[in-house]
Amino acid sequence: MRGYHRKNRALLHRAALMSAVAASAFAFAGPLSAQSKEPIKLGILTAFTGSDAISGRNGAIGVKMAVDEINKAGGILGRQLVIVQGDDQSDPTAAVNEARRLATQEKVELLFGPQSSQRTLAVLPVLNETKIAQIATSGSLDLTPQKGPYMFTVQSNAADQGYHMAHYVTDTLKAKTVGILTDNGAQALSGVAYIKKELEAGGAKVTGVQEFPFRSEDKTAQLLSLKSGNPEALIIWANTPEDLGVLLNNLSDIGWDDVPLAGPNATVMQASGAAKIADKALFEKVAGVAYRGWTYCPGDDVVNSPYVKFKERLKAANPDSYKDLLPAIVGYSYDGIMILKAAVEATGGTDPEKIRVWIENNADKVPTVSGPMKASAESHFLAGKEVMTPIVNPLNTNEQGLFMRADCK
Amino acid sequence: MWQEYAIILVRGIGLGSVYALIAMSFNIVKVSSGILNFAQGNMFVLGGMMAYGFVAFFGQPSLGVWILLIPVAAIVIAVLLTIQGYLTMLPLSYSDDQQSWLITTMAVSIIIGAILLLVQGPNALMVRSIFANIPVFGMRVPAPFLMAIGLALFWYVVLQWFLSKTLTGLAISALWQDPVAGRAAGLKVRRLQLLAFGISGLIVGSAGFVSAPIITLASDSAVAYVLNGFVALVIGGVASNTGALIAGPLVGVAAMLATFKLGGEFQGLVSMLILVTILLIRPEGIFGSTAARRV
């Protein structure tokens with residue numbers, strides 16, 4: 001009897017154990033299969049309000065366009081993308097608070113933004129701690145892989161843009177004396193040292209350096225100060241259309257509108273806005289730095305350019321607001337999401353470490369609309385020196401809205 | 001070389017006149033009710049946006065139409081400011097001895113900024129001047145710089161006359177000295193205070209409209225104008241329009257000279273240095289007056 005009971009108890013134990021294993025297997029399998037169907041939360045952390053809301057609005061449109069296309073095509077690894085928005089209010093403190101909310105409360109797995117260097121630098125500690133793969137659009141040289149191992153940026157950095165601006169002045173214009181005028185943003189200020197270095201390497205002397213606050217009403221004092229050094233060319237770094245327009249008007253007012261100007265990527269993007277207050281003739285001596293995808297030389301197959309095709313899709317998706325959009329910002333934001341998508345697909349998940357390694361080695365294999373992008377373990381700037389090129393007269397676009405490269409034969 | 005200094009002087013005085021106008025609009029409200037209306041900056045920007053709106057809907061106006069539009073913009077902003085003044089002073093009807101206006105005026109400023117952001121988005125609006133640039137010392141100066149100077153002088157003369165030669169103006173001035181005594185003497189204090197809000201609206205409305213082509217018209221640009229107007233107010237002396245008229249251009253010229261000689265990074269620093277220096281040497285401002293108070 002005792003033996004029967006013992007045997008029975010052993011059987012019961014075994015059955016209970018098997019049930020427990022089966023139950024836990026079910027319990028595990030349930031969430032796992034549900035998890036694989038769960039959408040991927042993609043955070044957008046950008047400026048929907050404040051002084052940088054122009055970039056934020058256009059960046060968000062690029063992200064949404066990419067997400068729509070990805071979801072229509074079946075998502076990533078069978079999972080749909082869901083956007084969770086955070087407004088950094090163009091302010092680094094607000095950006096940190098929103099980054100923390102997106103990372104810890106919303107539990108986003110991927111992040112787009114912020115769209116300025118100050119804010120991107122501010123949120124890096126939060127995103128490093130919570131380990132989230134991130135695509136920013138910021139150009140400060142302080143954004144190193146050491147400071148942000150999981151952060152990549154589709155914005156060209158200050159040094160690479162500065163390289164093209166300086167070489168346009170020394171190699172194309174053959175100027176021997178140059179003045180530099182920048183806004184007081186982190187990106188522009190961090191580029192000054194590199195511009196000076198490249199100018200000196202090209203045999204040009206810097207006759208003066210000046211800066212102005214964002215959206216300041218008058219730049220005459222800065223320009224008069226630079227003019228006293230009698231430079232043959234000016235390098236200007238203005239990030240808003242108002243600043244570029246005021247600057248060109250001020251040059252005309254002081255009778256110095258014959259000086260050739262070389263500007264950064266922002267000059268190309270903001271020229272049409274600046275033309276609302278500055279005469280179009282004033283842009284004839286203006287050059288800028290553009291992503292190769294936005295440019296052409298006579299004879300190129302422009303109709304089939306990925307950027308042109310992208311703009312057509314953008315217009316179809318936003319027929320009413322298209323005229324107010326900046327396709328360039330929309331485009332490289334879109335590219336950033338497509339690179340993230342490719343990385344998640346290739347690595348089989350959202351593990352930031354695997355994504356980092358994959359993007360460092362394979363970003364150039366992803367088709368992009370702005371131009372071929374590339375990163376490395378040393379630089380997470382996807383739009384490097386090779387992606388950018390100088391263009392002339394940013395108002396003088398061709399039928400497809402492409403800018404003419406300065407090196408066309 | 002002297003032409004460069006001359007141009008800096010003209011443009012600095014022009015931009016400084018805008019600050020002077022904002023400071024004068026601060027003054028009239030401060031004199032009547034003791035309130036510093038922080039919504040003045042956004043009201044000023046709204047005045048400029050009216051210039052933009054007119055051009056956007058009806059095209060560039062002729063000179064005659066443009067001149068007629070100045071009082072229109074001024075009156076619209078005056079009405080808005082009077083309503084704002086009424087709302088701001090509602091809580092004060094229970095007790096004058098409270099600082100609710102501080103929150104109310106800031107709240108109105110934030111609300112206007114938010115509405116502007118919702119309506120016109122984050123982009124700054126840009127207005128082309130209907131006037132050709134004016135040749136000055138071999139260079140050119142946009143006409144609105146000179147018009148801002150003229151407008152500051154105009155409002156200074158009008159305010160001085162109104163506050164010292166009319167019964168209503170004298171009554172408002174009396175409120176600055178002793179509002180309780182004014183009320184005891186039969187003055188309709190609230191009505192006078194609302195009138196002062198309205199007058200401040202006339203000043204910033206016309207200033208925003210006239211200077212629209214040379215200022216930044218965006219949902220977030222008001223802060224800079226309020227700050228510079230406030231600096232001009234404190235340097236010149238609170239409640240002194242003469243002080244505002246001189247301190248505004250002083251700030252404008254000093255900032256531009258510092259930029260020209262030292263660099264753009266010193267532009268904001270210089271006006272703050274002037275402010276701190278004045279506060280250390282003469283806390284009541286250059287033209288401000290101190291009054292004895294029984295404690």
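Tabulated data
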read-out: Neighbouring partner chain Cβ atoms per residue of B:141-151, average, 10 Å criterion; value: 1
read-out: Ratio Rg/Rh [Cα only; Rh per Kirkwood] for the protein assembly as shown; value: 1.08
read-out: Interatomic Cα distance distribution for chain B, bins of 5 angstrom, percent; value: 1, 6, 11, 16, 18, 17, 13, 9, 5, 2, 1, 0, 0
read-out: Helix axis angle, B:40-58 relative to chain B longest principal axis, alpha carbon, degrees; value: 50
read-out: Per-residue Cβ neighbour rank within 10 angstrom, fewest leading, A:Thr144, B:Thr166; value: B:Thr166, A:Thr144
read-out: 14 Å beta-carbon shell around A:Ser138, net charge (K/R +1, D/E -1); value: -2
read-out: At most 11 other Cβ within 10 Å, DSSP loop - trypsin sites (Lys or Arg not before Pro), segment A:324-363; value: none
read-out: Cross-link pairs A:Lys41/A:Lys341; A:Lys64/A:Lys374; A:Lys131/A:Lys374; A:Lys37/A:Lys341; A:Lys276/A:Lys309; A:Lys280/B:Lys261 - those with Cα-Cα distance over 20 Å; value: A:Lys64/A:Lys374; A:Lys131/A:Lys374; A:Lys276/A:Lys309; A:Lys280/B:Lys261
read-out: DSSP-defined beta bridges in chain A - what % are antiparallel, rounded to 5; value: 15
read-out: Protection-proxy order for peptides B:134-140, B:198-204, each taking the mean of Cβ atoms within 10 Å per residue, highest first; value: B:198-204, B:134-140
read-out: Calculated FRET value between A:Val84 and B:Leu102, using beta carbons and R₀ = 30 Å, to 0.05; value: 0.25
read-out: Under 15 Å from A:Lys205, Cα to Cα: aspartates and glutamates that are on another chain or at least 8 residues apart; value: A:Asp171, A:Glu232
read-out: Exposure proxy order (Cβ contacts within 10 Å, fewest to most) of A:Phe152, B:Phe162; value: B:Phe162, A:Phe152
read-out: 10 Å Cβ neighbours from other chains, averaged over peptide B:204-215; value: 1
read-out: Antiparallel bridges, percent of DSSP beta bridges restricted to the protein assembly as shown (to nearest 5); value: 25
read-out: P(r) histogram, all alpha-carbon pairs of chain A included - 20 Å bins from 0, percent; value: 26, 51, 15, 5, 3, 0
read-out: For chain B: relative contact order, % (alpha-carbon pairs under 8 angstrom, 6 or more apart); value: 37
read-out: Gain in span if fully extended, A:Ala201 to A:Gln400, counting 0.36 nm per residue against the direct Cα distance; value: 68.0 nm
read-out: Inter-chain Cβ neighbour average for residues A:272-278, partner chain, 10 Å; value: 3
read-out: Cα Rg, Dmax (largest Cα-Cα span) when computed across segment B:70-174, Å; value: 19.2, 60
read-out: Packing-based order for A:194-207, B:210-223, using average beta carbon neighbours within 10 Å, highest first; value: B:210-223, A:194-207
read-out: For a label point 7 Å along the Cα-to-beta-carbon line of A:Phe214, residues of segment A:43-68 with backbone N under 17 Å; value: A:45-60
read-out: Simple spin-label estimate for A:Glu284 and B:Ile110 in nanometres, 7 Å along Cα-Cβ; value: 5.1
read-out: Ranked by how many other beta carbons lie within 10 Å on average, peptides A:400-406, B:241-247 from highest; value: B:241-247, A:400-406
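FYI, it's all coordinate maths here, none of it is from the lab. This one's a predicted model, so the numbers in the text were calculated from it and none came from an experiment. Counting neighbours? That spans all protein chains shown, and the Cβs are built from the backbone with ideal geometry, glycine included.
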